[in-house]
Each structure stands twice: as C-alpha cells, then as structure tokens.
Amino acid sequence: MKTIGLIGGMSFESTAVYYRMINEAVRERLGGLHSADVLVHSVDFQSIVDLQTAGRWDAAGERLGTVAAGLEKAGAQCVLICTNTMHLVADAVQNAVSAPVINIIDEVARDILAAGKRRPLLLATRYTMEHGFYANRMKDAGLDVMVPDEAGRALIHSVIFDELCQGKVLDTSRERVLALIEAARAAGADSVILGCTEICLLLDPDALSLPGFDSTAIHARAAVDFALGPVVASKAA
C-alpha cells in the first residue's frame, strides 16, 4: 500500500469526509481491519481564506507547496489538495514536490466523460466558478461547463462559506440550490458537478434531477486507486 498525503483543513468539515471515504474504500477493497496509510496536514483555513480574499494566490500556492513538501518528506507518495478552489494553485504545489499531485479537476472530468455527459453545471465557490482554471481545464478535456447566473453564484458561495464550512446544513439552502439545478437543466445542462468538497454535505449526487458527480468522492477514490492500484474488472468466463 502506498502512502497518501492529504492537504486538508479547507475546510476541516470536508477533510473529515475525505478521511472517512478513503478508509472505507480501503477496508472494502482489502477486508478485515485494513485502513489507509495516510498522512494529513490540516492547515488553518482562515489563513488561506485571508489570502484568497486578498487575491494573493501566489502566496497561497507557496504555503500549500510547503505543506506538500512536508508531507512528501514524511513519506507521502502522492498528494491531494482536499479542496477544488485551491487547485487554482495546483501547479505551484506540484512544482514543490516530486510525488504526483492527483488533480481533482482531471478526475472529475474523466468520470463525466465516461458517463457520456458533455455539459455539466458547476456548483462551487465563486473563485472556482469565475476564475478560468476549472472551466478551461474541463474544456481541454472536451467538456462545456455551465455555471449559475450572478445571483446563483453568490448563493452557492455564501452557502459554502457561511454554512457548510461552519458545520451548518440547512434544508432551506438545499431547496434553493436544487432550484438552481432545475434552471440549469432547462437551459441544457446534462449533469451536475458538486465542485466544492463540502457540497456533498448538502446534496446527494444520486438524488438529483441530473446525474451528479461528487468531486470529494471521486478524488478520494482516485487516492485509493493510487495507493492500491485500480480495480480491474473480472472477465466473464
């Protein structure tokens, strides 16, 4: 089993989900009392939010690169940035280590394409929805990403930072987000990306009016595939 390195704390609510999903997947694959060989460096999220708000992405990338290097020095053989938004600085993090940084955007895009979908609605922080890094990387993979309108983007951003990152899961917010999905479906969306690692706390990707792709679950599975090797389907006799 290879050692997984997690850059967490952004927020710790979703990092706890990563830890649980990764260990559950290892136990399912190996049985018994097996669990993942995993290292976690959980940063102070407020310090990262302050850099985001100030537009100091270079400093944020340097900070996470230092964390990644520490994980690698401690034995991590891959690194995951446990947040979609901070993949804006994924290149800086990869430049700080020789171990592979498993990119959440690439993993989500692969799953969407495998499902035969091409026009996903992206639900995420304002940074992820409005900066070009996410949509452009998806476009390179052959996907045409949709985002909510200005009011919808403000709603999602607020739900993430003011509620989910603070442990609040509100039914009223769920209904408002589901209405955004319905509007996007009417406008031609064929799927939904839960493109913030906290959104899985609010929405069940299997209970939406469009096929849902949970970035947290997909990223966690990619980490387990790296650690244990991908599952190989058995051939029919």
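The values are calculated or read from the model by the stated rules, or taken from the named source; none is laboratory data. No experiment lies behind these values; they were computed from the predicted model shown. Every residue, glycine as well, gets a Cβ built from its backbone with ideal geometry; the counts of neighbours run over all protein chains shown. Surface areas here come from the heavy atoms of the whole protein model, side chains and all, with no ligands, DNA or RNA. Shrake-Rupley method; radii C 1.70, N 1.55, O 1.52, S 1.80 Å.
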>> For the range 8-38, give me the residue count where each residue is under 24 Å from G75 (Cβ atoms) and open to solvent by less than 50 Å² (accessible area, probe 1.4 Å).
In response: 14
>> Condition first: among the hydrophobic types (A, V, I, L, M, F, W, C) and within 26 Å of H131 (Cβ to Cβ). Can you find one or more residues in the range 11-27 that meet it?
In response: yes
> In the range 208-237, what residues are modelled with pLDDT under 95 and open to solvent by 70 Å² or more (accessible area, probe 1.4 Å)?
Replying inline: P230, V231, V232, A233, S234, K235, A236, A237
> Does the range 84-98 hold any residues that are open to solvent by 10 Å² or more (accessible area, probe 1.4 Å) and assigned to a loop (DSSP other than H, G, I, E, B), and which are they?
Replying inline: A96, V97, S98
> Do we have any residue at all in the range 60-81 that's in contact (Cβ under 8 Å) with a residue 60 or more places away in the chain and more than 22 Å from A16 (Cα to Cα)?
Replying inline: no
> Taking the condition in contact (Cβ under 8 Å) with a residue 24 or more places away in the chain and closer than 18 Å to L194 by Cα, does E107 pass?
Replying inline: yes
> Out of curiosity, is L164 within 22 Å of E107 (Cβ to Cβ) and within 16 Å of the chain's Cα centre (by Cα)?
Replying inline: yes
> Within the range 43-59, is even one residue out of contact with any strand residue (DSSP E or B) (no Cβ under 8 Å at 6 or more places or on another chain), open to solvent by 40 Å² or more (accessible area, probe 1.4 Å), hydroxyl-bearing (S, T, Y) and assigned to a helix (DSSP H, G or I)?
Replying inline: yes
> Would you say V108 is surrounded by fewer than 21 Cβ atoms within 10 Å (Cβ to Cβ), within 19 Å of R221 (Cα to Cα) and touching a Phe, Trp or Tyr at 6+ places or on another chain (Cβ under 8 Å)?
Replying inline: no
>> I need the full set of residues from the range 114-133 which are more than 18 Å from the chain's Cα centre (by Cα), open to solvent by less than 80 Å² (accessible area, probe 1.4 Å) and not small (G, A, S), in order please.
In response: K117
>> So, in the range 134-144, how many residues would count as being open to solvent by less than 30 Å² (accessible area, probe 1.4 Å) and within 13 Å of K117 (Cα to Cα)?
In response: 2
> Tell me, which strands (runs of 3 or more DSSP E) wholly within the range 106-219 include 1 or more residues that are more than 17 Å from T85 (Cα to Cα) and in contact with a Ser or Thr (Cβ under 6 Å, 6 or more places away or on another chain)?
Replying inline: 120-123
>> Please go through (1) open to solvent by 10 Å² or more (accessible area, probe 1.4 Å); (2) not in a helix (DSSP H, G or I) for K73 and return the number of the only condition it doesn't satisfy.
In response: (2)
